[in-house]
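Remarks on the structure that follows.
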Amino acid sequence: MIDCKVFADKAAASVWAASQICDMIRDNPTANLGVATGSSPADVYAEIARQVHADSIDVTRLRAFALDEYLGLDTTHPQSYHYFIDEHVTKQIGLAPQNVRVPFAEGHSTGDVIDDYDAEIADAGGIDLQILGIGSNGHIAFNEPGTPFDSVTHVEPLTQSTRADNRRFFDHTAEVPILSVTQGIGTIMNARRIILLAFGENKAEAVRDSVRGPVTEDVPASVLQNHPNVVFALDEAAASLL
């Protein structure tokens, strides 16, 4: 059974998650942190930064590996995940830029970057703590329903529901990318510890199906029932159907 911690609101959940991460960094300053993008973890990164600066936590050797990236956006585009990670993680928390990795890079073939990314994570010793969000259809990273549970980093077409969820970040629907490169579900499951963040009523069905439903590739996050150390950090709205 997945451990679900329910908080009064997103702010309280974010403080708890950030405190867990900061405790890990204190215990292991060379840890590998798996970082997600989007609205769910943004407050977590802000709180990590606050604690790091307030408590003088050493993050100079902390390494971060991002989950995914759109294909077709320049890395300097405000909606690219390179840009998000640079602003919310690297600069805000104070990580060394060379210790922060995002899948896919301009000037490389997609296949080469995919191969290198999984190898890079493995060579670093694996992910100590992975931050996840969840899509309204149960996707984790950009692993859409039907993605094999043993998948590694790969190119993933985005479903209509995912593109609709992300439409709010772009001026026009046509601007929302149709392809991504994402860590696979197998890659994510190799993390030693996982914290999944879910906030808002629109995530309630996905949370319920992931926690209470069968383990099925139709609901990618349901595979987390098989992980030995995972916590869902939820606000009351996201937990309302549990």
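The values are calculated or read from the model by the stated rules, or taken from the named source; none is laboratory data. If you're wondering where the values come from, they're calculated on a predicted model, not measured in any experiment. Using ideal geometry, Cβ is built from the backbone for each residue, glycine included, and neighbour counts are taken over all protein chains shown.
In the set GLY146, GLY135, only one residue is farther than 21 Å from ASN32 by Cβ, crowded, with 18+ Cβ neighbours inside 10 Å, touching an Asp or Glu at 6+ places or on another chain (Cβ under 8 Å) and not hydrophobic (A, V, I, L, M, F, W, C); that residue is GLY135.
Mind checking whether some residue in the range 85-108 is assigned to a loop (DSSP other than H, G, I, E, B), more than 23 Å from LEU158 (Cβ to Cβ) and among the acidic types (Asp, Glu)? No, the conditions are met nowhere in the range 85-108.
Selection of the range 24-47 for residues being in a loop (DSSP other than H, G, I, E, B) and not hydrophobic (A, V, I, L, M, F, W, C) yields ASN28, PRO29, THR30, THR37, GLY38. Scanning the range 217-242 for residues that are of a type in the set (A, V, I, L, M) and assigned to a loop (DSSP other than H, G, I, E, B), we see that the one that is surrounded by the most Cβ atoms within 10 Å (Cβ to Cβ) is ALA238.
With a requirement of 3 or more residues that are surrounded by 15 or more Cβ atoms within 10 Å (Cβ to Cβ) and within 15 Å of the chain's Cα centre (by Cα), the strands (runs of 3 or more DSSP E) lying completely within the range 151-216 that satisfy it span 179-182, 194-198. ILE185 falls short on exactly one of the conditions (1) farther than 16 Å from LEU132 by Cα; (2) aliphatic (A, V, I, L, M); (3) without any contact (Cβ under 8 Å) to a residue 60 or more places away in the chain, and that condition is (1).
Looking at THR90, is it crowded, with 17+ Cβ neighbours inside 10 Å, at pLDDT 95 or above and among the hydroxyl-bearing types (Ser, Thr, Tyr)? So THR90 passes the test. Looking at the range 62-73, is at least one residue touching a residue at least 24 places away in the same chain (Cβ under 8 Å), among the small types (Gly, Ala, Ser) and either surrounded by 21 or more Cβ atoms within 10 Å (Cβ to Cβ) or assigned to a helix (DSSP H, G or I) (or both)? Yes, the conditions are met somewhere in the range 62-73.
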